[in-house]
Structures are given as structure tokens and as C-alpha cells.
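Here is the structure we will look at, set down as C-alpha cells.
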Amino acid sequence: MSTIAARPPLTDARLLHDLEEVVERELNRHLRVFKEWMPHEYVPWSRGRDFDGPLGGDPWSAEQSPLTDVGRVALVVNLLTEDNLPSYHHEIATLFGRDGAWGTWVHQWTAEEARHSMALRDYLVASRAVDPVALERARMTHMSGGFVSDNRHSPLHTVAYVAFQELATRVSHRNTGHESGDPVCDRMLAQVANDENLHMIFYRNLLKAAFELAPDQAMQAVNEVVTDFRMPGHGMPGFERAAVQIALGGVYNLRVHHDDVLQPVLRHLKIMDIGGLGPDGLKAQQELGAHLAGLAAQAGRFDERRAAILARRAKANG
Ligand SMILES: [Fe+2]
Ligand SMILES: [Fe+2]
């Protein structure tokens, strides 16, 4: 085996500059495949009516909507996550800049993301799926806390994080739709999930290009991001409790995270087969492999625990 001399690491400014042509290419590809859709067409307005308050309508109560409990909880978590878009925009605009192809992408992405909270909130309010007062208070609390990215120190870490995070969001929306108990909700969330998938592809392709430019740095970034991964909604009110319900409900848990989020991106990058790494890259690749093996074992234990809890519940209800 030949020894490869360590390359001097690329600065963030250099990486951003060198990746810009990839951003431009991927942006153009994204715009070609992205299909316009109208959030209002997915909202069941005919189920809506005035609420109490200035219009003197009916107050909200839980039995007004057919949604499952897990559907309700997951929809609120997903919506509050989408709601913090101004903070996400701030974080990526600060890091990627608002000029050139990077800037065009940042603004395009922001405009597409804004559609998601629109569709979700309109659905929840029109269909009376959740308490609108509690929802509005949770939005105020969550948004006024702001969001600070764990990866704001590094464009490479940020690209790696968002590649996984967009896929996590896709899977979370899609599974929420499947578990919601309402086909109208499922259809709307499939549409949102489709956008998230296109965002994932954009960032995944960018990450792939980063591996060609700076393989050791990219490997270190992916290793650190995968090891420390947490969802952007972690700071919202009641997140821990909601996360347990979402995990047991099969919307998002360790099994889903490992099988449907981490693995598809890592397999696409052929991460464990990347050769020609220097000592730092090699060390990161080995750590990543060990971490993934640990995660797979943890996911197996989670599956068993979940099956036992669900069996106990079925027995208690049956
Ligand atoms: Fe979104
Ligand atoms: Fe997205």
C-alpha cells in the first residue's frame, strides 16, 4: 500500500469558491425537475368553519378530527420545525452567502420551504386537527427561541448535515402521512416529502463533489455530523415527550434513522469504499464504520423494546 502525503486542508473560503460551479449545476438540475404545486389545493377547506373569538364560531375540541394521536403529535413537531425557517435561512445565508449561485440556491430553497408550513398549518386549522391556540402559543415559544445550527462553524459540516436532515424531514413527513389516519393529510405530506427529497438530492450531490475536492475534510465532516446528529426541532416545547410518541408510532426512531436516512446517503456516497485518504480521513472513516455498527445494534435493541411495548398496549386494549 502506498503512503499518500497529507494534503494541506482547503480553507472554507476556498471550498465555497470551488463548490460554486457544482452549486450552479445542481441548482439548474433542481429547477428542471422541480414541479410547481399549490398548497391551497391540498387543504380540505370544506371541513373548515369559524372558531370562537371575534367571529363567534365553535371552539376547538379533539373529537372534531379523525387524526390518530401519533399523527397529531408528529404533525405539530413537523410544522414547528418548518416554522423556524427564518432562523434556518439566517444560518445558511450567513455561511453560504447571498451572492452568486450559492445565494440563488439559498433564496430558492427558502421560498420552497415556506410552502411547507403554509400547507401544514392550513390543513391543521381547516380540519380542526389540533388545538389552534396551543399551536399558536407553541409557534411563538419555538420561533422566539430561534435556532442556532450545531454546524455553523463549517460549510462542509453544514452541507453534510443538511443532506441527512432533508432526508430525515422527507421520511418524517411521509411516515406522518401514512400514520395520520387521513388520506387527505397523507396526500399533502407526500407532496411536501417530495420537495424534501429534491433538497436532499441537491445537498447529497454537493457533498459528493466535496469528497472529490477535499476527501479527508469531507470524511471528517460526515463522521462528526453522523455521530452528533440531532433534529433541528430538538429545542421545541415538549420535544422529548413528542419524540417518544413519534418513535413508538413508527414515524421516526432509531431504526428509521439508521435504515432510511443514514444508510441511503452513505451508500450513495460509497462512503466505506472511498480510498486514497490521508491519516485523518482514514481515522474518520474507521470511526464512522464503528459508529454505524453501534447504531445498528442499538436499533435492534430499540425494535425489541418497541415490539414489547406495542404488544403490552394491544393486550391492555384488547
Ligand atoms: Fe420543509
Ligand atoms: Fe427541505
Scanning segment 14-35 for residues that are under 21 Å from the mean Cα position of the chain (by Cα) and surrounded by fewer than 13 Cβ atoms within 10 Å (Cβ to Cβ), which turns out nearest to VAL106 (Cα to Cα)?
LEU31
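Of everything in segment 1-25, what is polar (S, T, N, Q) and modelled with pLDDT under 85? Give them in sequence order. Break it down into steps so the answer makes sense when it comes.
Quick first cut of segment 1-25, residues polar (S, T, N, Q) only: 2-3, 11.
Those that are polar (S, T, N, Q) and modelled with pLDDT under 85: SER2, THR3.
Give me a count of the residues in segment 68-105 that are under 30 Å from ARG14 (Cβ atoms) and either within 13 Å of ligand 1 (Cβ to nearest atom) or not basic (Lys, Arg) (or both). If you could, list the steps in order and put the result at the bottom.
First, the residues of segment 68-105 that are under 30 Å from ARG14 (Cβ atoms): 85-105.
Retained after the next criterion (residues that are either within 13 Å of ligand 1 (Cβ to nearest atom) or not basic (Lys, Arg) (or both)): 85-97, 99-105.
Residues that pass the stated criteria total 20.
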Long-range neighbours under 6 Å by Cβ, at least six apart or interchain, first residue farther than 22 Å from THR94 by Cα within segment 106-120, second within 11 Å of ligand 2 (Cβ to nearest atom) and charged (D, E, K, R)
HIS116/GLU82; SER117/GLU82
Of all residues in segment 90-99, how many are farther than 16 Å from VAL159 by Cβ and part of a helix (DSSP H, G or I)?
1
Might you let me know whether segment 231-254 holds any residue that is assigned to a helix (DSSP H, G or I), more than 26 Å from ALA138 (Cα to Cα) and either within 16 Å of ligand 1 (Cβ to nearest atom) or of a type in the set (Asp, Glu) (or both)?
no
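Okay, residues lined up against (1) over 26 Å from THR176 (Cβ atoms); (2) surrounded by 20 or more Cβ atoms within 10 Å (Cβ to Cβ):
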| site | (1), (2) |
| --- | --- |
| TYR203 | no, yes |
| LEU213 | yes, no |
| ARG230 | no, no |
| PRO264 | no, no |
| ARG305 | no, no |
Please specify each residue of segment 82-122 satisfying the condition of being farther than 17 Å from ALA193 by Cα, open to solvent by less than 10 Å² (accessible area, probe 1.4 Å) and within 15 Å of ligand 2 (Cβ to nearest atom).
ASN84, TRP105, VAL106
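With the structure loaded, tell me whether VAL226 is touching a His at 6+ places or on another chain (Cβ under 8 Å), within 28 Å of ALA190 (Cα to Cα) and not small (Gly, Ala, Ser) or whether it fails that test. Can you show your working first?
Working: touching a His at 6+ places or on another chain (Cβ under 8 Å): yes; within 28 Å of ALA190 (Cα to Cα): yes; not small (Gly, Ala, Ser): yes.
Taking the combined requirement at face value, the residue satisfies it.
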Matching residues in segment 118-149 (closer than 30 Å to ALA221 by Cα and either within 15 Å of ligand 1 (Cβ to nearest atom) or in a helix (DSSP H, G or I) (or both)) number 5
Just name the residue that is farthest from ligand 1 (Cβ to nearest atom) out of those in segment 150-178 that are open to solvent by less than 20 Å² (accessible area, probe 1.4 Å) and of a type in the set (Ser, Thr, Tyr).
SER154
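Between SER144, SER149, SER154, SER87, which is free of Cβ contacts under 8 Å to residues at least 40 places away in the same chain, out of contact with any strand residue (DSSP E or B) (no Cβ under 8 Å at 6 or more places or on another chain) and of a type in the set (Ser, Thr, Tyr)? Step through it out loud before you land on a result.
Values: SER149 fails: free of Cβ contacts under 8 Å to residues at least 40 places away in the same chain; SER154 fails: free of Cβ contacts under 8 Å to residues at least 40 places away in the same chain; SER87 fails: free of Cβ contacts under 8 Å to residues at least 40 places away in the same chain.
So the residue among SER144, SER149, SER154, SER87 that is free of Cβ contacts under 8 Å to residues at least 40 places away in the same chain, out of contact with any strand residue (DSSP E or B) (no Cβ under 8 Å at 6 or more places or on another chain) and of a type in the set (Ser, Thr, Tyr) is SER144.
Of the residues that make up segment 177-198, is at least one outside any helix (DSSP H, G or I) and polar (S, T, N, Q)?
The first filter runs over segment 177-198 and keeps only residues outside any helix (DSSP H, G or I), leaving 180-182.
Checking which are polar (S, T, N, Q) leaves us with 180.
Yes, that holds for at least one residue.
The values are calculated or read from the model by the stated rules, or taken from the named source; none is laboratory data. Values in this document were obtained by computation on a predicted structure and should not be read as measured data. Note: ideal-geometry Cβ built from the backbone for every residue, glycine included; neighbour counts use all protein chains shown. In case anyone asks, the SASA skips ligands and DNA or RNA and just uses the protein heavy atoms, side chains included. Shrake-Rupley method; radii C 1.70, N 1.55, O 1.52, S 1.80 Å.
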